[in-house]
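The values are calculated or read from the model by the stated rules, or taken from the named source; none is laboratory data. Since the structure is predicted, the reported quantities are computational estimates derived from the model, not experimental observations. Neighbour counts run over all protein chains shown; Cβ positions are idealised from the backbone, glycine included. Note: accessible area is taken over every heavy atom of the protein model, side chains too, but ligands, DNA and RNA are not part of it. Shrake-Rupley method; radii C 1.70, N 1.55, O 1.52, S 1.80 Å.
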Amino acid sequence: SLVSTAVTCFTRGLDLRKETEDVLCPANCPLWQFYVFGDGVYASLSSICGAAIHRGVITNAGGAVRVQTLPGQENYPAVNANGIQSQVLTRWASSFSVTRSKNTALEAVGRSVSTARPSTGKRPKKPLDKKAGNKDCKADIAFLIDGSYNIGQRRFNLQKNFVGKVAVMLGIGTEGPHVGVVQASEHPKIEFYLKNFTAAKEVLFAIKELGFRGGNSNTGKALKHTAQKFFSLENGARKGIPKIIVVFLDGWPSDDIEEAGIVAREFGVNVFIVSVAKPTTEELGMVQDIGFVDKAVCRNNGFFSYQMPTWFGTTKYVKPLVQKLCSHEQMLCSKTCYNSVNIGFLIDGSSSVGDSNFRLVLEFISNVAKAFEISDIGSKIATVQFTYDQRTEFSFTDYTTKEKVLSAIRNIRYMSGGTATGDAISFTTRNVFGPMKDGPNKNFLVVLTDGQSYDDVRGPAAAAQKAGITVFSVGVAWAPLDDLKDMASEPRESHTFFTREFTGLEQMVPDIIRGICKDFLDSKQ
């Protein structure tokens, strides 16, 4: 048929009713919110548009996609493609594949509906939009410019011209990118903050007015100062928007930049380094640390470093840099729900669970943990098993890689005994979350139980919530709904889960992950 179904960014394969269906994906879906399981063949739990972008069938500009329903399978793999990280799923009841829609009439419709800007960027804008700026590029950016004797007055002026061109092309505006400038020399100087200007014209004028300071290129000192002081809310930083520092370096830094890079990552700042005129072979002896670029950038993956041979003829370097700065989904150092949470699992080891069901519980925990970026400065996982007694299987600081966490979960031994859930919540709040309470991450507790608790759960759960812990309750089999609701955080409906069978736990994994991310984002608003 010539008719296609318009879908949202979050429509899943299992929401469609036909074997084969042509759908129309909207433009500008937030890539980081997609849930995609598999590669090529996707679990029907996956977002259709997310899978289509992951597969390369469409871009984030949207478009027409043909969805083919397929049988379920086992072991959907996790693959990173086109800005989307798909996730592992051990098995699912149905799948789908995505291809380009054969329907050219439909493609035309797809184009006209799409709200993405044409690649020329020359579309006539409503005058109102000028003020709002480029809404597709939400970022708070500090340009850390080189004001040392290394660069000198003449090249300093060329650097200002280049930064001005980048600022204009970004599309600065109230709802688009905001920028500020810091000058690195002997001592760093914040020239203007994010809140000072929200129009490109004003920013351009402010950049032209900057005076050259001179002195050593203490880039490390300036980077650390910027990461710690520049992005405060009172200086105009916005919640939930990527923080970026673009460091311009003529030659090399005269101080240590590695520690500054670590500080920036801890503060959730994405550091880019634009190096101009790399040190020559003769000059290398004067460089403190030859690998300074790799140690300062957000991730040493090639994306965050950018080279220009000289300050002359730099116009052709403006657009590629702007494209990088606007790639929201590549900002791996931003604080997101995936890299800024502590999740504690409190698992029922009572005798009613049984050994084989206990394995299913561990599989559930692993599948939730897999979605998060676990590291010393990222997300952290802890587990406590309880009967009448409690046993900390591992705490938040025991394992700092995903592999080690998953291996530790696999090695948990089933206790068997009674059920004192209230005591266990108090134990976990005090001993597991207590040491983390002043840390930067948001705290979550997932309580899994299959039966009635012998003690009161309401008091201990309220105390946990008062201590800043968001509680999700997951009940199986004989777990009473009243207990589950008494434990869960508000709104209780979205923090309470129940399944008759332990095999139903697997289907809850995406909902728990989504719930954690929603709470994380709400806490940042």
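In table form, for the structure just shown:
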| item | result |
| --- | --- |
| Residue satisfying all of: in the stretch 376-399; under 28 Å from Val263 (Cβ atoms) and of a type in the set (Val, Ile, Thr); least open to solvent (accessible area, probe 1.4 Å) among these | Ile381 |
| Some residue of the stretch 141-159 being at pLDDT below 85 and surrounded by fewer than 21 Cβ atoms within 10 Å (Cβ to Cβ) | no |
| Every residue from the stretch 217-256 that is of a type in the set (Ser, Thr, Tyr) and either surrounded by fewer than 18 Cβ atoms within 10 Å (Cβ to Cβ) or assigned to a helix (DSSP H, G or I) (or both) | Thr219, Thr226, Ser232 |
| Enumeration of residues in the stretch 64-74 that are open to solvent by less than 40 Å² (accessible area, probe 1.4 Å) and at pLDDT below 90 | Gly72 |
| Close pairs (8 angstrom Cβ cut-off, 6 or more residues apart or separate chains): closer than 13 Å to Ser97 by Cα and free of Cβ contacts under 8 Å to residues at least 12 places away in the same chain in the stretch 3-24, of a type in the set (A, V, I, L, M) and open to solvent by 50 Å² or more (accessible area, probe 1.4 Å) anywhere | none |
| Matching residues in the stretch 449-493 - criterion: being in contact with an Asp or Glu (Cβ under 7 Å, 6 or more places away or on another chain) and closer than 24 Å to Gly378 by Cα | Thr470 |
| Residue within the stretch 471-491 that is under 23 Å from Ser47 (Cβ atoms), open to solvent by 30 Å² or more (accessible area, probe 1.4 Å) and not in a helix (DSSP H, G or I) present | no |
| Residue check for Asn82: under 18 Å from the mean Cα position of the chain (by Cα), within 17 Å of Ala6 (Cα to Cα) and assigned by the TED database to the domain that holds Cys9 | no |
| Filtered residues of the stretch 338-361 (kept if in contact with a helix residue (DSSP H, G or I) (Cβ under 6 Å, 6 or more places away or on another chain) and open to solvent by 10 Å² or more (accessible area, probe 1.4 Å)) | Asn357, Leu360 |
| Selection from the stretch 427-460 of residues that are open to solvent by 90 Å² or more (accessible area, probe 1.4 Å), in contact (Cβ under 8 Å) with a residue 24 or more places away in the chain and either in contact with a Phe, Trp or Tyr (Cβ under 9 Å, 6 or more places away or on another chain) or among the acidic types (Asp, Glu) (or both) | Pro435, Pro440, Gln452, Tyr454, Asp456 |
| Flag if Gly211 is touching an Asp or Glu at 6+ places or on another chain (Cβ under 6 Å), surrounded by fewer than 19 Cβ atoms within 10 Å (Cβ to Cβ) and not assigned by the TED database to the domain that holds Ser375 | no |
| Which listed residue is of a type in the set (Asp, Glu), assigned to a helix (DSSP H, G or I) and either on the phi > 0 side of the Ramachandran plot or open to solvent by 60 Å² or more (accessible area, probe 1.4 Å) (or both), from Glu202, Glu175, Glu186 | Glu202 |
| Subset of the stretch 257-275 (residues that are free of Cβ contacts under 8 Å to residues at least 60 places away in the same chain and crowded, with 21+ Cβ neighbours inside 10 Å) | Ile257, Ala260, Gly261, Phe272, Ile273, Val274 |
| Residues satisfying the stated conditions in the stretch 398-426, i.e. part of a helix (DSSP H, G or I) and touching a helix residue (DSSP H, G or I) at 6+ places or on another chain (Cβ under 9 Å) | Lys402, Val405, Leu406, Ile409, Arg410, Thr421, Gly422, Asp423, Ala424, Ile425, Ser426 |
| Criterion (buried (at least 22 other Cβ atoms within 10 Å of the Cβ) and in contact with an Asp or Glu (Cβ under 7 Å, 6 or more places away or on another chain)) met by exactly one of Ser86, Ser46 | Ser86 |
| Selection count where residues are in contact with a helix residue (DSSP H, G or I) (Cβ under 7 Å, 6 or more places away or on another chain) and part of a helix (DSSP H, G or I), scope the stretch 496-525 | 8 |
| Matching entry among Thr59, Thr90, Thr120 (being under 30 Å from Gly176 (Cα atoms) and modelled with pLDDT under 80) | Thr120 |
| Yes/no for Ala463 being assigned to a helix (DSSP H, G or I) and more than 26 Å from Phe37 (Cβ to Cβ) | yes |
| Considering residues of the stretch 400-414 that are at pLDDT 95 or above and open to solvent by 40 Å² or more (accessible area, probe 1.4 Å) only, the residue farthest from Phe358 (Cα to Cα) | Lys404 |
